[in-house]
Each structure stands twice: as C-alpha cells, then as structure tokens.
Amino acid sequence: MHDMGMFRADLDAVAERLSARGFMLPVDRLRELDSRRRAAITESEQQLAERNLVSREVGRLRKEGADTTGLQERSRVLGENIAALTKAAEELDTEYRDLLKGVPNIPDESVPIGKSSEDNVVIRTFGERRAFDFEPKAHWDIGPDLGILDFERATKITGARFAVYLGFGAKLERALINFMLDTHTREHGYTEVLPPFVVNSASLYGTGQLPKFAEDLFKLENTDYWLIPTAEVPVTNLFRDETLDAAKLPINFCAYTPCFRSEAGSYGRDVRGIIRQHQFQKVELVKFSQPGESYDQLERLTDDAEDILRRLELPFRTVVLCTGDIGFGSAKTYDIEVWLPGQNDYKEISSCSNYEAFQARRANIRFKAGKKSEFVHTLNGSGLAVGRTWVAIVENYQQRDGSVVVPEALRPYLNAERITKAAELK
C-alpha cells in the first residue's frame, strides 16, 4: 500500500516514477476522485458551521419564547446534508484507496531503468564454471537415471509439475533444508520460525499477493484459507496490526516451508524437470527494519543467501533487477542466479527484495521510538529455493559414470561423499 499523502501532494511526480517500471498511473481518475472528495469535505464543513450558528440561534430564541420551527427544520436539513456529504467523501476515499491497491511499489532511485530482464545489471559473480570432459546432462535425466527422482509416478499421484524424490534424492533435499537453517540461525543471526502452511486472505493482502495475484494461488474450497506461495506470507504477518519496539529492530527470521503456486502466468516456461513446480520447498529469510537501515539490511540479506552457494561451491551471479522487471511490491530486488551446466544457463535461485513500507502499510506493522510511531520496512529473500539448489548440485557435481559427488559442506548431513544409482522400485 502507498502513502496517501505522497500521492495527493504530488501526483504527477509519483506517476513519472511509476512510469519507469512501465506502469501508467490513472492520474486523471485519481485527481478527479480527490477533487470531489475535497469538495464534499469543504461543503460538509461549511454546512456544519452553518448548523452550529443555527443551533445557537435556536437556543437564543427559545430563551425569548420565540417560534423556532423554521430554524429547527433548517438544522434538520443541514444535518441530512452533512451526513450525505460525509458518506460521499468516504466512498470517494474508498474508491481512491481501491485504485491504489493495484498500483505497484515505487522503485528506489538506485534501481536501473529498463523494460525487461534483458536490462537487468550483473553486479558480481562467484566461482568458475566447471569444464566437463563429457557432455553434461540435465537433472531431469540424471535424477531418474540414479533412481532418486520420479516424474511419472508423481504425475500419476497428482499431475504435471510435481515430483517424487527417492532415497538419496529425498535425503539431499532434507540435508539442504537443515544445512540452510543451521547456517542462517547459527552464523547469520536469524531466528527460526515454523509457521502455518495455510493462511487467510488478510495475510495475503498484507504481503501484496491479493487481490492482484489470486490466480497464482491455491485456495481451499469453501473457506477463507489459501496454501502459502512462500513463507514470506505467514512470517511477515506475524506482526500484522502490531507496533514493535524500535530498540529490537532489525528482527531477522528464517523459515522452512513447502510452497504452492499455480504458475498461472508461467506460460510453459521451464516445463521440464523441477525448476518450476506447483509444490516446492524453500528456506525464506524475512527482516523487519527501521527505514533508515533497510537498504543496508538488503545487502546483508542478499549476502546471507549468497553465502549458502559459496559454501556449496556453486557458481552464481547476482543481478539487480531493472524497473521493468521488479516485482509488484518491491522497491529494489537482487536476483541470485546459479549456473546449471546441464541447461547451459543461469537460473534464478533467490530473489532478495526491500519492500520499504509497502507491505507494512497493508499489514499495519509499525515501530515506535519514544512517542513517535511509523511503518517498518520489510525485506525478504529465498535463502535458498531448495529444489533449485538440489538441481544445481546434481548438475554441477555430476560425474562421467552418472554418479554425483556430494559437496563437502553437505557430507555431515548426508553421511556420504557420492550419490550412486539406487535400487529400482519394484
């Protein structure tokens, strides 16, 4: 949600900043609604002032024993007019606010101007891409060949874009979750949270998924419950309608959850393998920060996510998204993209964003220092998407004989140095 005062004070300047991300603000409609609202308020105040004068005159005449019938009728009419004008102003204000619900966040001035992902800017890279002495395979071949990933049975159980992990495939997923949680809680200063995997509409509104992205979500029939698309939703809403102590900020949370997305807008992208699934696992990082510190916290959050890849010795690059590619609620976003040799491409594995006060206004999350309270800034990012990390390991650590070497950082969790072909299911 936006600062209404900023929109009403300088609508043209806001519209210009939003146009950088390809969003055309309905300036004329907003200006008309605000003008009519102001006119209704002004007229209401004028009639209220007249009604107060009439009331005083009625009191004076009654003391003199004079007839006040006409003045009392005028007072009644003024009261009805004031009520109607007040209602009209409230309805116009509601319509103004409803229009703003569909308006994306204003990009930070440091975000590069651009129209699409082609205009994103690489700001750093890590690691050397492995030189294979054989043709590297994609994970959708490696996993089934090793007997650790099964797409056909998943399709039978549920449908397309689901997967069954078997043996070391399942253990690798679990090992990654534990490794990420341990690293973030023991070394990066996060508190672990295990939230509900089902949320209500108010929670999804608070983080910006509703009403705009309802088609991307799974709703439980005949309820107000939705499956979470990311732990960002329940964790951010932990503090909905609360005022935090400024001295306790920043607050850092991490959470493992499954995530559920309909992928309604994916239009056939990444249909093979487990890059884009309806159900996947993720370890999410969430921060609550004072406004003046939030961009420093964004850098720290991004570094925390990158650190997992560094420890796993996986090549990656970090890009800052341009104005035309950042998400609806984000003011600035870094995407971390891991190298996948089986696909000869980088794929996003984490998206780290500063929402500034956009989510906090929607969820009414404030902080207080002394007598003054204001909205916190919220940040979040994948730390990391577990399935995509699984893919990156399988593809980057594959061997000529079809086995997969386990990264050293994960060996204590898997109690193994190599993943070899499993016994087939009978």
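Cross-link partners for residue 171 among the lysines, with Cα-Cα distance under 18 Å and sequence neighbours closer than 8 places in the same chain left out: 282, 421.
So, with a 1.4 angstrom probe, what is the percent of accessible area on the chain that is carbon and sulfur? The partial results should precede the final answer.
Numbers: 9780 of 20560 Å².
Accessible surface attributable to carbon and sulfur in the chain totals 48 percent.
Can you tell me how segment 126-230 classifies by the Cα gyration tensor, rounded, prolate or oblate, using a/c under 1.5 as the rounded cut? Oblate. For the chain, modelled as a GNM whose springs connect Cα atoms under 10 angstrom apart, the maximal fluctuation among 48, 309, 30 occurs at 48. Across segment 346-411, Cα-Cα distances exceeding 21 Å account for 52% of all pairs. Across 243, 302, 158, mean-square fluctuation computed from a Gaussian network of the chain (C-alpha pairs under 10 Å connected) peaks at 158.
Accessible surface ranking for 225, 190, 346, 1.4 angstrom probe, highest first: 225, 346, 190.
Relative to the first principal axis of the alpha-carbon coordinates of the chain, what is the inclination of helix 294-312, with its axis defined by its Cα atoms, in degrees from 0 to 90 and to the nearest 10? For helix 294-312, the angle is close to 20 degrees. Ordering of 164-175, 115-126, 328-339 by packing is 328-339, 164-175, 115-126, highest average first (other Cβ atoms within 10 Å, averaged per residue). For the chain, a simple Cβ point-charge model (Lys and Arg +1, Asp and Glu -1, everything else neutral) yields a dipole of about 740 debye relative to the Cα centre.
The largest-to-smallest principal axis extents of the Cα set in segment 189-304 are 45, 33, 24 Å. GNM on the chain, alpha-carbon springs under 10 angstrom: the most fluctuating residue among 64, 135, 348 is 64. With the charge dipole of the chain set up from +1 on Lys and Arg Cβ and -1 on Asp and Glu Cβ about the Cα centre, the Cα lying farthest toward the positive end among the listed residues 236, 416, 280 is that of 236.
Within the straight-line cut-off of under 19 Å between alpha carbons, the lysines reachable from residue 368 are 248, 287, sequence neighbours fewer than 8 places apart in one chain being disregarded. The mean sequence separation of alpha-carbon pairs under 8 Å and at least six residues apart, normalised by the residue count of segment 210-346, gives a relative contact order of 19 percent. Segment residue 313..residue 93, full-extension length gain: 73.8 nm, with 0.36 nm per residue of separation and the alpha-carbon distance subtracted.
Annotation note: GluC sites (Glu not before Pro) in segment 213-305 located in DSSP loop regions with a Cβ neighbour count of at most 14 within 10 Å are 221.
Mean residue ellipticity at 222 nm, helices only, the chain: -13000 deg cm²/dmol; runs of at least 4 DSSP H residues each add -39,500 (n - 2.57), and the sum is divided by the number of residues. Beta bridges per DSSP, both residues in segment 176-312: antiparallel share near 85 percent. Once both labels are positioned 7 Å from their Cα atoms along Cα-to-Cβ, the gap between residue 225 and residue 128 label points is 5.3 nm. What segment 1-160 shows is 61 Å² of accessible area per residue, with the surface traced by a 1.4 Å probe over protein heavy atoms. Here the contact order of the chain, divided by its residue count and restricted to Cα pairs under 8 Å and six or more residues apart, works out to 20 percent.
Beta-bridge orientation, the chain: approximately 90 percent antiparallel, per DSSP, counting only bridges with both partners inside. In the assembled protein chains, residue 19 presents an accessible area of approximately 50 Å² (probe radius 1.4 Å).
With R₀ fixed at 22 Å, the C-beta to C-beta distance from residue 84 to residue 29 puts the FRET efficiency at about 0.45.
One decimal place: the segment residue 158-residue 182 gains 5.4 nm when fully extended, by the rule 0.36 nm per residue minus the C-alpha distance. Only Cα pairs under 8 Å and 6+ residues apart enter the sum, and on that basis the relative contact order of segment 118-190 stands at 18 percent. For the chain, the alpha-carbon coordinates run over 108, 44, 39 Å along the three principal axes, in decreasing order.
The values are calculated or read from the model by the stated rules, or taken from the named source; none is laboratory data. Fair warning: this is a prediction, and the values are worked out from it, not measured in the lab. A quick note on method: Cβ atoms are made from the backbone with ideal geometry, for glycine too, and the neighbour counts reach across all protein chains shown. Calculation scope for accessible area: heavy atoms of the full protein, side chains included, ligands and nucleic acids excluded. Shrake-Rupley method; radii C 1.70, N 1.55, O 1.52, S 1.80 Å.
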